[in-house]
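Take a look at the structure set out below.
The values are calculated or read from the model by the stated rules, or taken from the named source; none is laboratory data. Everything quoted here is computed from the prediction, not taken from an experiment. As a convention, Cβ positions derive from the backbone with ideal geometry for all residues, glycine included, and neighbour counts pool all protein chains shown. With ligands, DNA and RNA removed, areas are computed over all heavy atoms of the protein, side chains included. Shrake-Rupley method; radii C 1.70, N 1.55, O 1.52, S 1.80 Å.
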2 protein chains.
Amino acid sequence: MPKNESAARGARTRGDRTRSERSIDVHDAALTLFAERGYHGTSMKDIAAALHLRAPSLYNHVSAKQEILRDVMVETMNDLLKVVRSAMAGTDDTVLKLRRAAEAHVRYHARHPREVRIGNHEIPALEEPHRSAITKLRREYSRMFVALIERGVEEGVFTTRSPLLSAYAILQMGIGVSMWYRPDGPLSEDEIVFHYGDTALGVVGGVSGRAGAPATEGAKRPPKRAVGSKK
Amino acid sequence: MPKNESAARGARTRGDRTRSERSIDVHDAALTLFAERGYHGTSMKDIAAALHLRAPSLYNHVSAKQEILRDVMVETMNDLLKVVRSAMAGTDDTVLKLRRAAEAHVRYHARHPREVRIGNHEIPALEEPHRSAITKLRREYSRMFVALIERGVEEGVFTTRSPLLSAYAILQMGIGVSMWYRPDGPLSEDEIVFHYGDTALGVVGGVSGRAGAPATEGAKRPPKRAVGSKK
DNA sequence: CCTACCGATCGGTAGG
DNA sequence: CCTACCGATCGGTAGG
């Protein structure tokens with residue numbers, strides 16, 4: 001029985017109208033396998049087997065293997081852009097914008113590891129014209145962070161001499177989370193999100209968050225003890 | 001005509017004795033293609049074509065496709081471990097150790113993008129028992145960084161509340177470099193290496209390097225102007 | 001949802 | 001280093 005959590009969430013997205021129940025199952029099984037073994041390392045037979053089906057049956061729900069990859073990558077990138085844009089829109093303060101954007105970025109990677117692993121690994125497996133479209137969305141995404149950091153430098157709240165390098169460092173931090181985070185592991189999602197929110201400010205040379213950070217974001221922060229000591 | 005630079009460097013490594021000239025060419029062509037399209041996305045015919053050969057000819061120089069992958073991954077991981085260990089061994093100062101380790105890590109990723117891309121992407125494509133061996137080496141590598149940061153916290157020179165999260169952030173930063181760095185791009189290798197050396201100290205909450213860093217490492221640092229303005 | 005089947009391609013071998 | 005060829009597997013279709 002497949003877990004449709006995120007696939008179901010995306011079921012009604014974009015112009016491709018509502019996806020059938022069974023099509024969601026196929027996408028979800030593919031999501032798991034593509035993330036584990038890669039696109040080229042997964043066969044339609046593998047996906048079918050995960051659903052206790054024969055490969056040809058999949059074609060009642062999807063038109064091609066490549067279509068599944070395209071759907072996953074396009075929806076994920078649009079979703080991520082939306083989430084982070086919305087996180088940034090909540091405030092006019094540049095420092096807080098960066099904190100919230102970094103937190104949203106990290107949280108998304110913790111919650112959707114399969115999607116972002118595929119997004120980061122399978123670009124070469126995506127056929128044109130979609131590969132170019134995804135590449136453009138990715139550039140737009142990183143550009144948001146670079147522009148924000150440049151603004152902070154102009155305002156004098158960040159001191160980094162390379163907003164580009166700082167943005168890349170922050171983005172990579174989140175991508176890394178998708179490679180090792182497990183909900184049942186020693187670090188909670190919030191601990192990771194908050195720690196890396198602080199770290200992002202350290203990366204740009206802003207108030208480090210660690211060395212006596214003001215409670216810029218008052219709510220729901222864990223008490224300041226060592227991270228990773230979940231009882 | 002293949003460029004053997006790094007492959008040639010590794011030709012005499014490990015117990016597998018000297019590799020023949022032609023075998024180096026095959027490994028080098030495979031390195032490029034595996035890095036670009038992935039292991040499963042590359043056929044022996046593709047590798048042969050890059051050398052103007054037919055696929056069966058490759059088997060005069062390598063015994064199997066999987067063997068090429070194994071060689072690349074094992075040698076790369078051993079090489080990286082050696083380079084970073086040696087960078088750390090040059091001093092007893094924990095802060096400087098971390099700076100040098102981070103710099104060596106970043107520099108290696110800038111110089112060997114194909115190797116580390118494969119190392120980070122093709123773990124699932126590697127068959128046992130080598131996959132377990134590589135996983136163990138990788139854990140050893142990240143453990144070096146974690147242990148070093150823990151030591152700095154004990155000494156009071158770092159303030160991070162999670163050496164693990166800090167180590168992962170620093171490691172990811174370097175991995176990211178391998179995805180976008182180009183020698184003919186706007187940022188020089190040294191600019192990236194030094195900036196991320198500073199950033200690493202910011203990540204652990206040490207002296208940020210940006211905010212009035214002492215010239216801990218005296219030599220060959222570029223003048224302190226904005227990064228990325230190569231003329 | 002299945003079985004039967006398609007042409008294409010895969011990694012690899014035989015034999016020179 | 002090649003041609004010829006092996007069995008296996010690939011994504012996908014026909015037809016029910």
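Could you list, in sequence order, the residues of the stretch A:124-147 that are aliphatic (A, V, I, L, M), in contact (Cβ under 8 Å) with a residue 40 or more places away in the chain and surrounded by fewer than 22 Cβ atoms within 10 Å (Cβ to Cβ)? Before the answer, list the steps.
Restricting attention to the stretch A:124-147, the residues satisfying the condition of being aliphatic (A, V, I, L, M) are A:125-126, A:133-134, A:137, A:144, A:146-147.
Okay, now just the ones that are also in contact (Cβ under 8 Å) with a residue 40 or more places away in the chain, so A:125-126, A:133-134, A:137, A:144.
Correct list: A:ALA125, A:ALA133, A:ILE134, A:LEU137, A:MET144.
If a residue must be modelled with pLDDT under 95, more than 9 Å from chain B (Cβ to nearest Cβ) and buried (at least 20 other Cβ atoms within 10 Å of the Cβ), how many such residues does the stretch A:181-207 contain?
Final tally of qualifying residues: 1.
Does the stretch A:51-72 hold any residues that are within 13 Å of DNA strand C (Cβ to nearest atom) and either open to solvent by 60 Å² or more (accessible area, probe 1.4 Å) or under 25 Å from the mean Cα position of the chain (by Cα) (or both), and which are they? Give the steps one after another, and end with the answer.
Narrowing the stretch A:51-72 to residues within 13 Å of DNA strand C (Cβ to nearest atom): A:51-62, A:65.
Of everything in the stretch A:51-72, those that are within 13 Å of DNA strand C (Cβ to nearest atom) and either open to solvent by 60 Å² or more (accessible area, probe 1.4 Å) or under 25 Å from the mean Cα position of the chain (by Cα) (or both) turn out to be A:HIS52, A:ARG54, A:PRO56, A:TYR59, A:ASN60, A:HIS61, A:VAL62, A:LYS65.
Quick one: A:THR160 ticks every box in (1) more than 9 Å from chain B (Cβ to nearest Cβ); (2) assigned to a loop (DSSP other than H, G, I, E, B); (3) open to solvent by less than 50 Å² (accessible area, probe 1.4 Å); (4) not basic (Lys, Arg) bar one, so which box is it?
Unmet for A:THR160, out of (1) more than 9 Å from chain B (Cβ to nearest Cβ); (2) assigned to a loop (DSSP other than H, G, I, E, B); (3) open to solvent by less than 50 Å² (accessible area, probe 1.4 Å); (4) not basic (Lys, Arg): (1).
Among the residues of the stretch B:31-46, write down those that are farther than 19 Å from A:TYR39 by Cβ and within 8 Å of DNA strand C (Cβ to nearest atom). If you could, list the steps in order and put the result at the bottom.
Start the filter on the stretch B:31-46 by keeping residues that are farther than 19 Å from A:TYR39 by Cβ, which leaves B:31-32, B:44-45.
The answer is B:MET44, B:LYS45.
Listed residues A:ARG221, A:ARG151, A:ARG210; which is at pLDDT 95 or above, open to solvent by 30 Å² or more (accessible area, probe 1.4 Å) and at negative phi?
On the way: A:ARG221 fails: at pLDDT 95 or above; A:ARG210 fails: at pLDDT 95 or above.
Criteria check complete, one pass: A:ARG151.
Scan the stretch B:44-80 residue by residue and report those that are part of a helix (DSSP H, G or I), in contact (Cβ under 8 Å) with a residue 24 or more places away in the chain and within 12 Å of DNA strand D (Cβ to nearest atom).
B:LEU58, B:ASN60
Kindly establish whether B:HIS121 is in the same structural domain as B:ALA89 (by TED's automatic domain parsing) and either under 24 Å from A:LEU201 (Cβ atoms) or over 14 Å from the mean Cα position of the chain (by Cα) (or both). Full working, then the answer.
On the way: in the same structural domain as B:ALA89 (by TED's automatic domain parsing): yes; either under 24 Å from A:LEU201 (Cβ atoms) or over 14 Å from the mean Cα position of the chain (by Cα) (or both): no.
Judged against the criteria, B:HIS121 is not a match.
I'd like to know if the stretch A:93-109 contains one or more residues that are open to solvent by less than 40 Å² (accessible area, probe 1.4 Å), more than 14 Å from chain B (Cβ to nearest Cβ) and more than 25 Å from B:LEU165 (Cα to Cα).
Among the residues of the stretch A:93-109, not one is open to solvent by less than 40 Å² (accessible area, probe 1.4 Å), more than 14 Å from chain B (Cβ to nearest Cβ) and more than 25 Å from B:LEU165 (Cα to Cα), which makes the answer no.
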